[in-house]
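These notes are about the structure you will find just below.
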Amino acid sequence: KSGERTFLAVKPDGVQRGLVGDIISRFEKRGYKLVALKLQQVSEDHLRKHYADLKGKPFFEGLVKFMASGPLVAMVWEGLDVVKQGRAMLGETNPLASKPGSIRGDYSIDMGRNICHGSDSVESAKKEIELWFDAKDLCDYKKANDVWVYE
Ligand code: DAT
Ligand code: MG
């Protein structure tokens, strides 16, 4: 169960605003394990696949263009309940509804500039990890401090 994985991304606004280190640091400090990471500017086509569930929404095209507008940081993180906990650490989709202490609540205001992405379920995490990473780029390793993180 502590092998659960999620897909997280620092969006182009988060990269431009210098928030990559802070966001990675929050997940590291919490005790989660980094499994894969890359800085990459991706095509609109790739993002249409990533956001396929939102096709038809009025903001879809703008979202795709924004996400393709600059490099983003794509990551896979692993640990107990990491999908749900990751979403909680991100905050609400609307930054104005996000609590201080969450990434969006601390660093963002507008929905279309909300800094980060996180998978919304274990099932979509699986799909997103497959879309963004080759299996060979997911690192299987033991963290020495796991005995200090998990009872
Ligand atoms: P989340 O990123 O919290 O999973 P989502 O999957 O519903 O939210 O939407 C993906 C992104 O699209 C979201 O991070 C910001 C943007 N978005 C969502 N709803 C929006 C809206 N009503 N107006 C503008 N942008 C929106
Ligand atoms: Mg979503």
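The values are calculated or read from the model by the stated rules, or taken from the named source; none is laboratory data. Please read all numbers here as calculations on a predicted model, not as lab measurements. Cβ coordinates were reconstructed from backbone atoms using ideal geometry, including for glycine residues, and neighbour counts include every protein chain displayed.
Structure notes:
- Within region 100-115, residues that are over 13 Å from Gly14 (Cβ atoms) sit with their Cβ atoms under 6 Å from residues that are of a type outside the set (A, V, I, L, M, F, W, C) and in a loop (DSSP other than H, G, I, E, B), at 6+ positions apart or across chains, in these pairs: Ser102/Gly91; Gly105/Gly91; Gly105/Ser98; Gly105/Lys99; Met111/Asn94.
- Residue count for region 105-127 under the criterion of being within 23 Å of Glu4 (Cα to Cα) and assigned to a helix (DSSP H, G or I): the result is 6.
- Looking only at region 79-99, and only at residues there that are over 14 Å from Ile115 (Cβ atoms) and in contact (Cβ under 8 Å) with a residue 60 or more places away in the chain, the one that is nearest to ligand 1 (Cβ to nearest atom): Val83
- Taking region 106-123 as the range and being over 21 Å from His50 (Cα atoms) and either buried (at least 17 other Cβ atoms within 10 Å of the Cβ) or within 14 Å of ligand 2 (Cβ to nearest atom) (or both) as the test, the residues that pass are Tyr107, Ser108.
- Against the test of being surrounded by 12 or more Cβ atoms within 10 Å (Cβ to Cβ), modelled with pLDDT of 95 or more, charged (D, E, K, R) and touching a strand residue (DSSP E or B) at 6+ places or on another chain (Cβ under 9 Å), the options Arg5, Arg48, Arg26 yield a single qualifying residue, Arg5.
- Residue-level check: of (1) touching a Pro at 6+ places or on another chain (Cβ under 6 Å); (2) within 15 Å of ligand 1 (Cβ to nearest atom), Arg113 misses just (1).
- When region 79-104 is limited to residues that are part of a helix (DSSP H, G or I) and among the hydrophobic types (A, V, I, L, M, F, W, C), the one that is farthest from ligand 2 (Cβ to nearest atom) turns out to be Leu96.
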